[in-house]
1. Would you mention how many residues in the stretch 146-156 are more than 8 Å from the ligand (Cβ to nearest atom) and not hydrophobic (A, V, I, L, M, F, W, C)?
2. Scan (1) of a type in the set (Phe, Trp, Tyr); (2) surrounded by 15 or more Cβ atoms within 10 Å (Cβ to Cβ); (3) under 20 Å from the mean Cα position of the chain (by Cα); (4) more than 18 Å from Lys178 (Cβ to Cβ) for the single condition Phe105 breaks and write down its number.
3. For the stretch 71-87, name all the residues that are aliphatic (A, V, I, L, M) and more than 14 Å from Ala134 (Cα to Cα).
4. Filter the stretch 25-55 down to the residues that are modelled with pLDDT under 95 and under 24 Å from Thr275 (Cα atoms) and list them by number.
5. Being more than 24 Å from Ala214 (Cα to Cα), of a type in the set (S, T, N, Q) and out of contact with any Cys (no Cβ under 6 Å at 6 or more places or on another chain) narrows it down to one of Ser3, Ser34, so name that one.
6. Out of the residues in the stretch 121-132 meeting the condition of being among the aliphatic types (A, V, I, L, M) and either part of a loop (DSSP other than H, G, I, E, B) or within 14 Å of the ligand (Cβ to nearest atom) (or both), tell me which one is surrounded by the fewest Cβ atoms within 10 Å (Cβ to Cβ).
7. Among the residues of the stretch 68-84, write down those that are within 14 Å of Ser34 (Cα to Cα) and either surrounded by 23 or more Cβ atoms within 10 Å (Cβ to Cβ) or basic (Lys, Arg) (or both).
8. Look through the stretch 130-156, keep the residues that are of a type in the set (S, T, N, Q) and under 16 Å from Thr78 (Cβ atoms), and return whichever of them is modelled with the highest pLDDT.
Amino acid sequence: MVSVAFDQEWRPRLNAYLAKRLTTELTQPELAASMKYSVLAGGKRLRPLLYLATVQAFEPIEADCDLAVAGAIELIHTYSLIHDDLPAMDNDDYRRGQLTNHKKFGEAMAILAGDGLLTLAFQWVGNAAPATLAGAMCAQLALASGPTGMVAGQAIDISATGTTLGALDAVKQLDALKTGALLTAPFTLAATRLGLDDQQTELLRDFGGHFGLAFQIFDDLQDLNGDAQHLGKAVHKDVAAGKNTYPSLLGLTGARNALTQEVTQARQAAVQLATVAHVEVTALLGFLNYFDEEMK
Ligand code: GRG
């Protein structure tokens, strides 16, 4: 998925960092167990690795600061999954290959685990970021994850349940907030941490925006593969169920074309960034291989 050398170095370091801090810093045993259960269950670590890869394109990663910021992004992502799985939301039984948090620890503790992860993220960034940048980075994280970003997307999704949004633009807006905002956060946070100029920041945002859309289209296509043996039938099922997915709006070929287009645009943004900033973006481009399976 990511470039091999980058992944082999930073994925284990990030996982060890998360395990160590969650083991040493949390004092309430039941809450600690519940928070650790979901974070340490694994997951692709896409968002924190995107942050680290972006920083590394420009300068060496500073473990004390950058692992805290990367880890914080993963804490917020994990909180969102715990809350998304709750009976009041998606009511899911399994996540990351194991029982969902509320199935294991009960609903009340799962809510608190999510609350704990969300707030801990801001503690980590506030303490680890350079003093002159900590406020801005906390605000950026809030903007992406809170009521102007991911939480708003989730609210739109909940309000639209059972209705078909119908228009491609409406689905794009929903996804840009629900999954895209937190997927773009690694780039905006890295831009601030690195002190990038407006043009470089815009190109990174561009990469993040296209990556986020590609991620959602890919996720929709992959869901479909699991749904039925015959893809055409599965798309038809999505349409009949009023699902707001790219294949149900665009058809299978249309969704695959849209995925290819987003990946192409993300690649163009990264290549342009490499040119204007005179940096190496191999690790960033490596993330685009994630989508290969649906682009054959
Ligand atoms: C509850 C405030 C609140 C927000 C929830 C992220 C989210 C918003 C809901 C998740 C719903 C979902 C499964 C969307 C599909 C795309 C997605 C975000 C998948 C999960 O992210 P991955 O694939 O997960 O990066 P891992 O486990 O690999 O980290």
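1. 4
2. Going through (1) of a type in the set (Phe, Trp, Tyr); (2) surrounded by 15 or more Cβ atoms within 10 Å (Cβ to Cβ); (3) under 20 Å from the mean Cα position of the chain (by Cα); (4) more than 18 Å from Lys178 (Cβ to Cβ) one by one, Phe105 breaks only (3).
3. Of all residues in the stretch 71-87, those aliphatic (A, V, I, L, M) come to 72-73, 75-76, 81-82, 86.
Listed by number, the residues that qualify are Ile73, Leu75, Ile76, Leu81, Ile82, Leu86.
4. Selection gives nothing.
5. Values: Ser3 fails: more than 24 Å from Ala214 (Cα to Cα).
Checking each option against the conditions leaves just Ser34.
6. Within the stretch 121-132, the first condition is being among the aliphatic types (A, V, I, L, M), and the residues that meet it are 121, 125, 128-129, 131.
This time we only want the ones that are either part of a loop (DSSP other than H, G, I, E, B) or within 14 Å of the ligand (Cβ to nearest atom) (or both), so: 121, 129.
Details: Ala121: 25, Ala129: 22.
The residue in question is Ala129.
7. The answer is Leu75, Thr78, Tyr79, Ile82.
8. Start the filter on the stretch 130-156 by keeping residues that are of a type in the set (S, T, N, Q), which leaves 132, 140, 145, 148, 154.
Retained after the next criterion (residues that are under 16 Å from Thr78 (Cβ atoms)): 145, 154.
Values: Ser145: 98, Gln154: 94.
Per the stated criteria, the residue is Ser145.
The values are calculated or read from the model by the stated rules, or taken from the named source; none is laboratory data. Computed from a predicted structure; not experimentally measured. Reconstructed Cβ throughout: ideal geometry from the backbone, glycine too, with neighbour counts over all protein chains shown.
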